[in-house]
Amino acid sequence: MMLRRTLVALSALAALAACTKDKNVQPPSELVEIKPTLEVRELWSTSVGDGEEKLRLALGIAVDGDTVYAAARNGKVTALDAGTGKVRWKAETEDDLSAGPSAGGGLVVVGSTSGRLIAFEASTGKQRWVADVKGEVLAAPLVTAERVVVRLVDGRLRALNPADGKEAWMAEDVVPRLSLRGTSPPVRGGDAVLCGFDTGRVMSVALSNGDILWQAQLNTPRGRTELERLADVDAAVAVAGDEVYAVGYQGRVAMIALDTGQLWWTRDMSSYRGVAIDEDQLYVSTSDGGVVAMRRRDGGTVWQQAGLMRRTLSAPVVHLGAVVVGDYDGYLHWMERSGGRFVARERLGGARISAPPVVVADRLFVIDDGGKVAAFGGGGARR
């Protein structure tokens, strides 16, 4: 399995090298000067990494209560005060971390490239258990009081008991010969776990015992070559009440019924980053760097923002009444929800922002690939 994933990575690099030799390849969009109408300010920032960009793995941040948790590739896990950014505790592992942290039920859990999950007490940082899940972890696990669920690169979805890390159940899907390097993080929807797979499916599994409740075919692989048939659902799904929203690479964005898996509507779209939702709309960062707003009820397009094309965007979030994405150059961009116009811009640093920001109330927390963590808040509309 590791060999297969290595070949995927090498294929992607070869394709990228071929593209860079093409004189017709367009560069990332240049940022145009904007007149901010939304006041955004950095509240605090700190560093939890070694300052070096390495592999862009699924290392993000988690917020639980008044604490922000972050992890670095070098094995360090840090808990920060959400209000001040001051360190509450630090823990070290001997692993090269690749996913997480995730927090819930009094635990903080991270995953490693060597196929281990490490759990810490959320309040103290004391290590609780280590589990060998026998597969590379490239997506943040789901941590609840009942189960710790992790998606592995080999198509398996494993659930562990949070008390001791022992396996409770396992579900799986087949893995194509070629797929993107990345996996969809499991998400809770009621009493079920929802997750995307490399076959283009979204699967719903009972949280208690792993029974498969339904499978929805979001993307159907098509094309003459294996690259053309890539149809991975690597982005996290979004759940709102009895509705599920998902998007796949070279495929579709869809609204799915939580209880049955029925596709209520679909629209052609490609994304490996993910979606955000508010009361009425759905927002997608597309594979080519566009940002699209759609009506939740029927998938109709409300607006499209093309000013960030090819800037390798993060998944969007909603903050201060605006839509926010990060880009490859460390910028955060706020766009109005009604029309997509840029209303604010801040730069975290020079490193790429791969992980989606996390929003709690009126605060946005973000980490870049160099390990810089920051919190942003607002001061109302500018006049």
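Just so it is clear, none of the values below were taken in a lab; they were calculated from the coordinates. What you see is a predicted model, and the numbers here were worked out from it, not measured in a lab. Every residue, glycine as well, gets a Cβ built from its backbone with ideal geometry; the counts of neighbours run over all protein chains shown.
At a glance:
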| quantity | calculated |
| --- | --- |
| Convex hull volume per residue for the stretch 57-172, taking Cα atoms only, in Å³ | 79 |
| Nearest-20 debye value, the stretch 177-272 charge dipole, Cβ charges on Lys, Arg, Asp, Glu | 380 |
| Amide proton proximity set for residue 332, modelled H, under 5 Å, gap of 5+ | 346, 347, 348 |
| Cα pair count fraction exceeding 18 Å, expressed as % - the stretch 177-272 | 39 |
| Cα centre as origin, Lys/Arg/Asp/Glu Cβ charges: the chain dipole, Debye | 660 |
| Point-to-point label distance, residue 242-residue 146, nm (Cα→Cβ direction, 7 Å offset) | 1.9 |
| Farthest positive-ward along the stretch 57-172 dipole, Cα basis, beta-carbon charges - from 83, 108, 137 | 83 |
| For the chain, the longest site-free run once GluC sites (Glu not before Pro) in DSSP loop states with at most 11 other Cβ atoms within 10 Å are removed | 95-227 |
| The chain: calculated mean residue ellipticity at 222 nm from DSSP helix runs of at least 4, using -39500 (n - 2.57) | -1500 deg cm²/dmol |
| Descending Cα extents along the principal axes, the chain, whole Å | 55, 53, 44 |
| Listed residue pairs exceeding 19 Å between alpha carbons, taken from 90/134; 76/372; 90/166; 76/126; 126/372 | 90/134; 90/166; 126/372 |
| Approximate spin-label separation residue 268-residue 96, in nm, with each point projected 7 Å along Cα-to-Cβ | 4.0 |
